[in-house]
Amino acid sequence: MQAIVLVGGEGTRLRPLTEAVPKPALPLVDRPFLAYMVEWLAGHGVSEVVLACGFMPDALRGALGEDEWAGTRIRYVVEPQPRGTAGAIRFAADQLGDELESRFLALNGDVLTDLDLGALLAAHARQGARATLGLHPVEDSSAYGLVSTGESGTVLEFLEKTGEPVPGEINAGMYVLERSVLELIPAGEEISIERDVFPRLVGDGLFGLRLDGYWMDIGTPERYLQASWDILEGRVETRVMPTAPGLWVGTGAQVAEGATVGPRAVVGPGCRVGAGAEVRDSVLLESCTVGGGASVRGSILSRGVEVGAGAQLDSAVVGRDERVPS
């Protein structure tokens, strides 16, 4: 089974964390964020992941490597310009040519999840579908579009974002597609699969399946922090081994005697936390320094940040190599 994963976005909602690194390559606890998706796909029998890249593709290559991850082959294709979600899928498919299987997966690359992909594939085959959407229930759909389905799973309607905090089933950004769907996507154009392709398939082989489990779009600092705690506290199935529940301390990190770290915290490789300092509900990426007596709460520090002795940070997002004065 092949999967095309869309990783071309710039991650603007996560800036300044994503100013020097694309969101899929951003560390999440102990590995690049995209590694979680590749490992999840590998666990469902995906043998090849094709990354449809746009923004900073070399950084993605550096994060995941050139050959494989978790036993799954990694291949990169780079769009010459943004082409939308459907256009990116078509471009990647064209690069694969005859190597593309007749049925494949397409996924948004900005989600942390452990949903049952096997159930989605089985439902697609059972229905003889052209496209099957993974749907996920939420209590507050104000930031998402809702998908209405019939009893057999036939998609009946797409409802755009209403801004109303009502419960419903949303498009989870994971699809099983037949190659025939590519015929609906003009080559070389900017096309959205959600707005331009799927509505054309309503009544013509488009199905949806509700998948219960963990699903998180980490596109904001608040969600990035919550995803970190969910990983460390076991609310989502991953391969991460916490240092303690809610805590991870990386290789070479130094925490001085008298410092307080946690109960929820990530202290990345090479970080230093000084005597009397406090790090709570926060993520320190690689090679950060927190001076003696400083307090960092509810914050994210990019690589190389230095927090001066006695400084106070609360709900802050600090860019790479910045200095926070005492």
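Bear in mind these aren't lab numbers, they're just calculated from the coordinates by the rules spelled out. Keep in mind that this is a model prediction, so the values were computed, not measured. We place every Cβ from the backbone using ideal geometry, glycine too, and count neighbours over all the protein chains shown.
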Note to self: If I model a spin label at GLU237 and ALA275 as a point 7 Å from the Cα along the Cα→Cβ vector, what separation in nanometres do I get?
What the structure shows: 4.7
Notebook entry, point to check: Do the sum for the chain: with -39,500 (n - 2.57) for every DSSP H run of n ≥ 4, divided by all residues, what is the mean residue ellipticity at 222 nm, to the nearest 500 deg cm²/dmol?
Noted result: -5500 deg cm²/dmol
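Mind checking the dipole of the chain: about its Cα centre, +1 per Lys or Arg Cβ, -1 per Asp or Glu Cβ, Debye to the nearest 20? Walk me through the numbers on the way to the answer.
Working: 27 positive and 45 negative charges, 99 e Å.
About 480 debye.
Rounded if a/c is under 1.5, else prolate if a/b beats b/c, else oblate: with a ≥ b ≥ c from the C-alpha gyration tensor eigenvalues square-rooted, which is region 244-324?
Working: a/c = 1.23, a/b = 1.13, b/c = 1.09.
Note, shape of region 244-324 comes out rounded.
Could you size up the charge dipole of region 244-324 around its Cα centre, putting +1 on the beta carbon of Lys and Arg and -1 on that of Asp and Glu, and report it in debye to the nearest 20? Present the calculation step by step, with values, prior to reporting the outcome.
Working: 7 positive and 8 negative charges, 18 e Å.
So the magnitude is around 80 debye.
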Margin query: Along the Cα→Cβ direction, 7 angstrom out, place labels at SER142 and GLN254. What is the inter-label distance in nm?
Written below: 4.7
Check: Of ILE218, SER287, LEU135, which is farthest on the positive side of the dipole of the chain, counting Cα position, with +1 on Lys and Arg Cβ, -1 on Asp and Glu Cβ, and the Cα centre as origin?
Finding: SER287
Check: Along the charge dipole of the chain, which of ALA316, ALA59, VAL197 sits closest to the positive end, that is, farthest toward it, with unit charges on the beta carbon of Lys, Arg, Asp and Glu (+1, +1, -1, -1)?
Finding: ALA316
Check: Does anyone have the angle between helix 33-43 and the longest principal axis of the chain? Alpha-carbon axes, 0 to 90°, nearest 10?
Finding: 50
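DSSP loop (so not H, G, I, E, B), at most 14 other Cβ within 10 Å: list which trypsin sites (Lys or Arg not before Pro) in region 151-206 pass both filters. Mind showing how you got there, number by number?
Working: sites: LYS161, ARG179, ARG195, ARG200; in loops: LYS161.
Sites meeting the loop and neighbour criteria: LYS161.
Size of the dipole of region 1-82 about the Cα centre, Lys and Arg at +1 and Asp and Glu at -1 on the beta carbon, nothing else charged, in debye to 20? Write down the numbers at each step before the final one.
Details: 7 positive and 10 negative charges, 43 e Å.
It works out to roughly 200 debye.
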Check: When DSSP beta bridges are limited to those with both residues in the chain, what percentage is antiparallel, rounded to the nearest 5?
Finding: 35
Check: Along the charge dipole of the chain, which of VAL273, ALA119, ALA42 sits closest to the positive end, that is, farthest toward it, with unit charges on the beta carbon of Lys, Arg, Asp and Glu (+1, +1, -1, -1)?
Finding: VAL273
Notebook entry, point to check: What is the helix-to-structure angle for 84-96, meaning the angle in degrees between its Cα long axis and the longest Cα principal axis of the chain, kept from 0 to 90 and rounded to the nearest 10?
Noted result: 80
Note to self: On a full-extension model of 0.36 nm per residue, what is the gain between VAL202 and ARG297, subtracting their alpha-carbon distance, rounded to one decimal in nm?
What the structure shows: 29.4 nm
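If you stretched the chain out fully between GLU222 and SER47, how much longer would it get, using 0.36 nm times the residue separation minus the C-alpha to C-alpha distance? Could the numbers behind the result be given before it?
Numbers: separation 175, 0.36 × 175 = 63.00 nm, distance 3.29 nm.
Full extension from GLU222 to SER47 adds 59.7 nm.
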Item checked: Distance between modelled label sites at LEU96 and ASP114, nm, 7 Å Cα→Cβ extension -> 2.7
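Shape of the chain from its Cα gyration tensor (a ≥ b ≥ c, root eigenvalues): rounded if a/c is under 1.5, otherwise prolate when a/b > b/c, or oblate? All intermediate terms of the calculation are to be shown ahead of the outcome.
Numbers: a/c = 2.21, a/b = 1.88, b/c = 1.18.
It comes out prolate by the Cα gyration axes.
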